[in-house]
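Derivation of every value follows stated rules applied to the coordinates shown; laboratory data play no part. All values derive from a computational prediction rather than experimental measurement. A quick note on method: Cβ atoms are made from the backbone with ideal geometry, for glycine too, and the neighbour counts reach across all protein chains shown.
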Amino acid sequence: MAEPHTDAGKDGNVVWIKLNLPYFRTQPGMVKLLQLLLGIICMACASPALLTGTHWFLFVAVLSFIATLIWVFIYLLSIKEALTLPINWLLTEVLNTAIITVLYLIAFIVQLSVWSSAYTGSSVKGPNIAAGIFGIFNTVAYGYGTYLLHAEWKSSSMNS
């Protein structure tokens, strides 16, 4: 019976996956966790989507939540270090976070604009306005995350 192969050799792409919990004590790690928390709040406050603008807002919130969750797992499992693929991980993450920032900016504007004039006496207006406000906070969090990642990418490209 053959032994299970846990470590790829020179020809393989996977070196080893290990937990990297200390990353989440760094500023970028804490920002990612904040983005996830704010994303959950945005999704909870805006659900169910009653207006077309809220459909867009929830699309952006869910898309960014999933993308950020993927990056959290990439850092948690040290996948960047484990895979020896020709990917500029940092530049990919900078672009991903910058795009999400712009999408969230558009989404919270749409969310607040459709709910500021709709359903004046409705009980669902308050939570949807709150979703837009938390969207502002998440836009700031993603913008700050983009700034941190860009600074790290710029410093790493100067050292190369």
### Message
Just to be sure I understand: with springs between alpha-carbon atoms less than 10 Å apart, which residue in Leu21, Leu34, Leu103 has the highest mean-square fluctuation in the Gaussian network model of the chain?
### Response
Leu21
#### Entry: Estimated inter-spin distance, Tyr147 and Leu63, nm [label 7 Å along Cα→Cβ]
2.5 nm
### Task
Rounding to the nearest 20 debye, state how big the charge dipole of segment 24-159 is about its Cα centre with +1 on each Lys and Arg Cβ and -1 on each Asp and Glu Cβ.
120 debye
### Query
Fully extended, how many nm does the chain gain between Ser113 and Ser156 (0.36 nm per residue separation, minus their Cα-Cα distance)?
11.4 nm
## Note on the structure
Filtering the chain for DSSP H helices with an axial alpha carbon extent of at least 24 Å and a Kyte-Doolittle mean of at least 1.0 returns 27-46, 52-76, 89-116
### Mean Cβ neighbour count within 10 Å, used as a protection proxy, ranking 72-79, 144-151 highest first
144-151, 72-79
#### Entry: FRET efficiency, Leu21 to Ser122 (Cβ-Cβ, R0 45 Å, nearest 0.05)
0.55
### Query
Based solely on its DSSP helices, what 222 nm [θ] is calculated for the chain when runs of n ≥ 4 H residues each add -39,500 (n - 2.57) and the sum is averaged over all residues, nearest 500 deg cm²/dmol?
-24500 deg cm²/dmol
### Task
For the chain, calculate the relative contact order in percent as a whole number, restricting contacts to Cα pairs under 8 Å that are 6 or more residues apart.
31 percent
